[in-house]
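**Student:** Take this structure, written in structure tokens, and hold onto it; I'll ask about it next.
Nothing in this text is a laboratory measurement; each read-out follows from the coordinates by a stated rule. Computed from a prediction, not measured in an experiment: that's the story for all the values here. Neighbour counts run over all protein chains shown; Cβ positions are idealised from the backbone, glycine included.
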Amino acid sequence: MERTLAGEREAYRILVERHSNYVYRLAYRMTGNPHDAEEVVQEAFLRAYQKVAAIRGEREFGTWVYRIAANYAIDRLRQRKNEESRRENPSRQAEGEAEVDVLSRIKDEAPNPERLAGSAQMAKK
């Protein structure tokens with residue numbers, strides 16, 4: 001970890017090799033398919049690398065990257081569930097859009113800025 005914190009990329013590669021099998025197994029158990037598991041592994045190690053200075057020796061790297069992978073896998077599962085829900089209930093999405101359209105069609109009786117400016121000019125004359 002110290003070498004990685006010092007900026008040695010090779011040291012980080014060693015950490016990835018050491019922990020990638022454990023992270024992959026976790027990701028596969030959570031996502032249920034190898035493609036998503038690979039994506040979780042890649043994203044977890046990328047995020048860990050980007051924030052490696054944040055670890056500051058407070059935790060072991062393996063535990064830290066494992067947690068990152070678990071959180072990312074949970075996010076992926078939620079995203080997939082939301083996408084499936086939208087595909088299964090397109091009428092619900094259309095209803096939500098209809099509500100927005102109805103609200104946008106309600107006429108606002110308050111004067112708009114152009115009307116206020118015009119009134120001020122008329123009052124000056």
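**Student:** Compute the signed sum of charges (Lys and Arg +1, Asp and Glu -1) over the other residues within less than 12 Å, Cβ to Cβ, of GLU43.
**Tutor:** With Lys, Arg at +1 and Asp, Glu at -1, the net is -2.
**Student:** Per-residue counts of other Cβ atoms within 10 Å, averaged by peptide: what ranking do you get for 69-75, 46-52, highest first?
**Tutor:** Peptide ranking by packing, descending: 69-75, 46-52.
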